[in-house]
Amino acid sequence: MSRAPGRRHWAVLLTFSVAAFACSPGRPPVSEHPVSPRTTRPEPTQTAAFPDLADSSPTWIGRAETCAPIEVDQAWAPGELVAEYVRRDGAGELVGPAPWLDSALACAGQRPLGSVATIVRGVEVARADSQAGGVRYVLRYSVAGVQIGAHQFRPGDRVEEIAMSLVHTPWGWRISGSRARARVLPLAAIASLHPSTGDSAAIVRVASAAPGEPGPMPRLLRGDEDWDHRFPATEWLGAFNDAEGKANIRRVKPKLRMTHEGCREADVAVVAFDPEGAAFAWRAETGGTEGPVEVMTSGHHYVRPGDSLVLPRPVTGRFLLRATGREEIVPANRVIHDYVLTLTEEVDGQRRTLRVWEGTFSEVAPAVKWVGDLNGDAVPDVLIQIPRAGYSTTLRLLFSADSPDGPMLTAVGESAITDC
């Protein structure tokens, strides 16, 4: 049965400007509707207001032994709190000690302090879902580079996506879990990070470059998903399951075929591949190599918090899918909070860990569908199905890539799967 690839409905696209972050750090105005960055206003505002999207009544889970919340009342709605965090982060306020951030976190102090910050041009923010235990947002940044200390700016365009969970406490809404490194706008980074003259000049060039609004995520194609005539005319690479533990990467062309869709009780046009048999396909320009590849696992694997799944390695050592998180039992359901899924390589007592996905879910759990080395760098790539609102999911392909912090997994394509 085919499933239509739903569109990703972003709540707001917030395009940063230095002027927006030069304003005073007061509370952002409340708006009932998402504000377009191109909307004309009679007066400039500090930032676009995110709508209050909480559609449940989340409750405080309790205080963990290592959790030390600041017991100060906050009147922020969930969307407002996310908007204020993004505004202050972009302005460089969260690079060093930040009393506001401690009062906005469910556990004060759970954030790294250091001399490394990501330089960003813009961010998209979307509400992912609301559960009985909280509200989850997805922040998708257009990254221009990384500043390390005062003397090392490493340019590099990419898109980074992080999940932000919010919980309701006796003192108002708070951000749950530790925060990643600061993500600062280019000119604000010069003022807050105090880089060298050479690095400052490089950052200025980044700031004056073309606007870096994150574009849509490249497509990942599945056989029998709904056909879309707007599929880009590009080269595609497809993964063929040739034998147990083996796969073969070949160039494919998506083509249209008709099939009967029981969900709609009608004939619909869906995707097929030429040659036939590809399990999934991605745009060739995003990476990947033709030829045989090792498959470490395929199927449908959910790793419970506290558990590990061992993956065989062809030569020596092993890989493990590990998960952490905490469970809350709610009426007629359960919610997994702060779920973090990692892929860990263990060789001769040494470990290297890649983060696969993090977030909160209830009805549908994240599941690893495929692990293997698609881009030929000896580090596994991952195909994962992640939960969205309701019973809808997204199939996302993650490629291993180098970064200043070592190897990481970066999304190179995704396909929405509706609950029809």
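Just so it is clear, none of the values below were taken in a lab; they were calculated from the coordinates. The shown structure was predicted, so the numbers you read here are calculated from the model rather than taken from an experiment. Every residue, glycine among them, receives a Cβ derived from its backbone with ideal geometry; neighbour counts consider all protein chains shown.
Tabulated values for the structure
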{"read-out": "Lone unmet requirement of (1) farther than 29 Å from residue 175 by Cα; (2) free of Cβ contacts under 8 Å to residues at least 40 places away in the same chain; (3) not in a loop (DSSP other than H, G, I, E, B) for residue 369", "value": "(2)"}
{"read-out": "Every residue from the stretch 318-351 that is under 30 Å from residue 246 (Cβ atoms) and either of a type in the set (S, T, N, Q) or exposed (fewer than 14 other Cβ atoms within 10 Å of the Cβ) (or both)", "value": "318, 342, 344, 347, 348, 349, 350, 351"}
{"read-out": "Per-region count, the stretch 120-166, residues touching a Gly at 6+ places or on another chain (Cβ under 9 Å) and assigned to a strand (DSSP E or B)", "value": "28"}
{"read-out": "Residue among 355, 351, 334 that alone is basic (Lys, Arg), in a strand (DSSP E or B), within 14 Å of the chain's Cα centre (by Cα) and over 25 Å from residue 225 (Cα atoms)", "value": "355"}
{"read-out": "Failed criterion for residue 282 (all others in (1) more than 25 Å from residue 379 (Cβ to Cβ); (2) in a strand (DSSP E or B) hold)", "value": "(1)"}
